[in-house]
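Following: one structure in structure tokens, then a few remarks.
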Amino acid sequence: MIDRATVDKILEAAQIVDVVGEFVTLRKSGVNYKGLCPFHDDRNPSFMVSPSKNICHCFVCGKGGTPAGFLMEHEQMTYPEALRWLAKKYNIEIVEKELTDEERAQQNERESLFVVNEWARDWFHNTLKNTPDGIAIGKQYFRSRGIRDDIIEKFQLGYSPQKRDSLSTTAVAKGFKKEFLVKTGLCIENERGIYDRYSGRAIFPWLNVSGKVVAFGGRVLDSRTKGVAQKYVNSPDSEIYHKERELYGIFQAKKTIVKEDRVFMVEGYTDVIAMHQAGIENVVANSGTALSKYQIKLLRRFTQNITLLYDGDEAGIHAAMRGADMLLEEGMNIKVLLLPDGDDPDSFARKHSTEELKRYIESEQQDFISFKTRLTVEGVSDPVKRSEAIGGIVQSISVIPNPILRSTYLTDLSMRVGMKEQTLLNTMNQFIRRNLEEKRKEQERERLASAAQGIAESGAPVSQPQVPVTETVMRENQPQVQSAVAVSPLETLLVSEVVRHGEEIIYDNIETDDGQTINLTVAQYIDYDMGQDQLQFSHPLYRQILDEAVSHSGEAGFRAEPYFTAHPDITVSQLATRLAVDRHQLGGRFALSPKENSLRQRIVHLMMDYRMELMNQRLKDIQSAMRKASSDMDHVMQLMKEYRDTEEMRDALAKRLGRDVVS
């Protein structure tokens, strides 16, 4: 683990122009530099690099960041990998934090497993290319599948000889421990000793997103498949491999996924390889298992757009439906492409040229909700089955996090099935409430389980469950003004101030109830003011930025802008970079650094504007609730009282802002 002092030294040494210049041709443009954006098909230079701010930013696609953030995005590195890249470039010696004996043993074991796997990958590949059986049997199999030699090299395909101890005998002779051969899954151990797992099979190495060999897949050759229960044998879970966290082909595909802003999901190894050979490289496989949240989050690092590419039989349709709601819930935009019956991506790609394949994909892929509607509703006349199918589609729509996209899908579904949109909306809201309640219960179960574990380990008492913010009671006689609305421009402005000025003091020597004096920074004031009425930003990233700015406000030397633009979480870094960048002149601030009083006035005014917006929204919500509760007079009277109270607060706030309010 890299120690903090070394991290600081690396970040201080890294110069954005040097780093970006290794990947992008830059030319001087005033005090900044300009070039073609490497993250999208840029024809006019829109990628600006600011030496003074040490950040880069594309004004078209919005990507960029600090030197480390740029590397993470462009090279698909983790934060530690980006730091090591920079350290190597600037000749900075990496100082690792002192590990415990247990941590060191675990680290050494992991490294040993990787070393064994990399050796095995090379041994399988060399056996395929340079041994009589490898050439006559293994290479002949790959050629029979139409796989070219350059693709064999690209995916480092291999062959394991028929003899059951070929690999294990060679590995032990090379000095590798039997323990690690078994732990990686390369060998199996029983009372008679150890033997090779993949003997007589074609070998497909699995590379993780960083390019390390984590596992293998072995396929029985065509001449032996008859009557064989398992055509494929895959590595078991190990310290370095968990199948639900990996995707076959992700290392070879990641740069193209980013460039094309789309990933194709297929089922098997040969599907991935055939697509690459056909010139389509942004493709991965989940090897026939259900998608996991780990895999979806991995894909979301590169793109939000996914096309499920399966054969058109019943199994292919089932594969396309499986895990789709989980993809939608994670904010992925899904398209589905079912190939003609009798074809899978492997066979279809071998029959068509690259241009034909691309044209077919472009013309035949369809939006998932439309696909599900055609598949489950259209042509179904039985009322019960039809209503169940419509309910299933509405349930899929309900998990989509984007409210505008949800609304668009509902409108489209209403027209397709001939049902009132309000009926579909009511059903969707029921699903949303149910999903939120299930998530709340799951979080509470996890919290209690964690607390119980804490008791078992330390004997500490369990704290009482915290009441969710949406259920907290406001200050006495004050209505709740936080409303479930989309992120407002005022929220973005406030978070922008936190990023640019979060550490700056706007109130000093304030006396507290216990007689102490404190200073309030921009971040602390916003947090305090919102906390008075249990308000919080609607966007989780905004909440994270405010929380971190508050927690670091008391630290000497803390500056919010470089802290957030260099944040190890690339989503935070990218957001902070966008908020810190002046669209028109990257070299200057979004606004000139204000004097303390003008900054204070702006923050206070923004907070009052924000409250005004929330109150106006709350008044609209109450009016809507009164219309729906018109038959329940007691409830209507309560809502009317809340409306009057909120209106009085709104009017009082308007006077402070110097505005006229028309009721």
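The values are calculated or read from the model by the stated rules, or taken from the named source; none is laboratory data. No experiment lies behind these values; they were computed from the predicted model shown. Virtual Cβ from ideal backbone geometry, glycine too; neighbours counted across all protein chains shown. These area figures cover heavy atoms from the full protein model, side chains too; ligands, DNA and RNA do not enter into them. Shrake-Rupley method; radii C 1.70, N 1.55, O 1.52, S 1.80 Å.
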Residue check for residue 302: among the hydrophobic types (A, V, I, L, M, F, W, C) and assigned to a loop (DSSP other than H, G, I, E, B): yes
Number of positions in the stretch 341-357 that are outside any loop (DSSP other than H, G, I, E, B) and exposed (fewer than 15 other Cβ atoms within 10 Å of the Cβ): 4
Matching option when the condition is more than 20 Å from residue 563 (Cβ to Cβ), open to solvent by 70 Å² or more (accessible area, probe 1.4 Å) and of a type outside the set (S, T, N, Q), among 31, 17: 31
Failed condition for residue 549, given (1) open to solvent by 40 Å² or more (accessible area, probe 1.4 Å); (2) closer than 22 Å to residue 66 by Cα; (3) at pLDDT 85 or above: (1)
Single unsatisfied condition, residue 149 versus (1) touching a helix residue (DSSP H, G or I) at 6+ places or on another chain (Cβ under 7 Å); (2) open to solvent by 10 Å² or more (accessible area, probe 1.4 Å); (3) under 21 Å from residue 278 (Cα atoms): (1)
Close pairs from the stretch 406-418: first free of Cβ contacts under 8 Å to residues at least 60 places away in the same chain, partner basic (Lys, Arg) and part of a helix (DSSP H, G or I), Cβ under 9 Å, at least 6 apart: 416/374; 417/386
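The rows are residues; the columns are (1) surrounded by fewer than 16 Cβ atoms within 10 Å (Cβ to Cβ); (2) touching a Lys or Arg at 6+ places or on another chain (Cβ under 6 Å); (3) on the phi > 0 side of the Ramachandran plot; (4) part of a helix (DSSP H, G or I).
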site: 334; (1), (2), (3), (4): no, no, no, no
site: 359; (1), (2), (3), (4): yes, no, no, yes
site: 373; (1), (2), (3), (4): no, yes, no, yes
site: 409; (1), (2), (3), (4): no, no, no, yes
site: 424; (1), (2), (3), (4): no, no, no, yes
site: 428; (1), (2), (3), (4): no, no, no, yes
site: 437; (1), (2), (3), (4): yes, no, no, yes
site: 443; (1), (2), (3), (4): yes, no, no, yes
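Condition check ((1) of a type outside the set (S, T, N, Q); (2) under 19 Å from residue 571 (Cβ atoms); (3) open to solvent by less than 10 Å² (accessible area, probe 1.4 Å); (4) out of contact with any Phe, Trp or Tyr (no Cβ under 6 Å at 6 or more places or on another chain)) across all residues:
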{"residue": "9", "(1), (2), (3), (4)": "yes, no, no, yes"}
{"residue": "12", "(1), (2), (3), (4)": "yes, no, no, yes"}
{"residue": "26", "(1), (2), (3), (4)": "yes, no, no, no"}
{"residue": "49", "(1), (2), (3), (4)": "yes, no, yes, no"}
{"residue": "58", "(1), (2), (3), (4)": "yes, yes, yes, no"}
Any hit, the stretch 246-257, residues being open to solvent by less than 10 Å² (accessible area, probe 1.4 Å) and at pLDDT below 90: yes
Sole exception among (1) modelled with pLDDT under 90; (2) part of a helix (DSSP H, G or I); (3) of a type outside the set (Gly, Ala, Ser) for residue 338, by number: (2)
Flag for residue 270 being among the β-branched types (Val, Ile, Thr), in a loop (DSSP other than H, G, I, E, B) and either in contact with a helix residue (DSSP H, G or I) (Cβ under 7 Å, 6 or more places away or on another chain) or open to solvent by 40 Å² or more (accessible area, probe 1.4 Å) (or both): no
Residue identified as of a type in the set (Lys, Arg) and buried (at least 18 other Cβ atoms within 10 Å of the Cβ) among 627, 611, 602: 611
Where a residue in the stretch 175-200 is farther than 11 Å from residue 233 by Cβ and charged (D, E, K, R) and its partner, wherever it lies, is assigned to a helix (DSSP H, G or I) and open to solvent by less than 40 Å² (accessible area, probe 1.4 Å), with Cβ under 8 Å and at least six apart: 177/112; 178/168; 183/113
Top-ranked residue in the stretch 178-197 [being basic (Lys, Arg) and under 18 Å from residue 121 (Cβ atoms); ranked as surrounded by the fewest Cβ atoms within 10 Å (Cβ to Cβ)]: 183
Contacts under 7 angstrom Cβ, first residue in the stretch 280-296 being open to solvent by 30 Å² or more (accessible area, probe 1.4 Å), partner part of a loop (DSSP other than H, G, I, E, B) and modelled with pLDDT under 85, 6 or more apart: 290/322; 290/323
Subset of the stretch 388-403 [open to solvent by 70 Å² or more (accessible area, probe 1.4 Å) and at pLDDT 90 or above]: 388, 395
Residues satisfying the stated conditions in the stretch 606-642, i.e. within 23 Å of residue 490 (Cα to Cα) and without any contact (Cβ under 8 Å) to a residue 40 or more places away in the chain: 616, 619, 620, 622
Close pairs from the stretch 565-589: first open to solvent by less than 20 Å² (accessible area, probe 1.4 Å) and at pLDDT below 80, partner of a type outside the set (Asp, Glu) and not in a helix (DSSP H, G or I), Cβ under 6 Å, at least 6 apart: 581/57; 586/32; 586/48; 586/50
All positions within the stretch 305-325 that are in contact (Cβ under 8 Å) with a residue 40 or more places away in the chain and either polar (S, T, N, Q) or in contact with a helix residue (DSSP H, G or I) (Cβ under 9 Å, 6 or more places away or on another chain) (or both): 305, 306, 307, 308, 309, 310, 317, 320, 321, 324, 325
In the stretch 198-213, residue nearest to residue 152 (Cα to Cα) [restricted to those that are crowded, with 22+ Cβ neighbours inside 10 Å and among the β-branched types (Val, Ile, Thr)]: 203
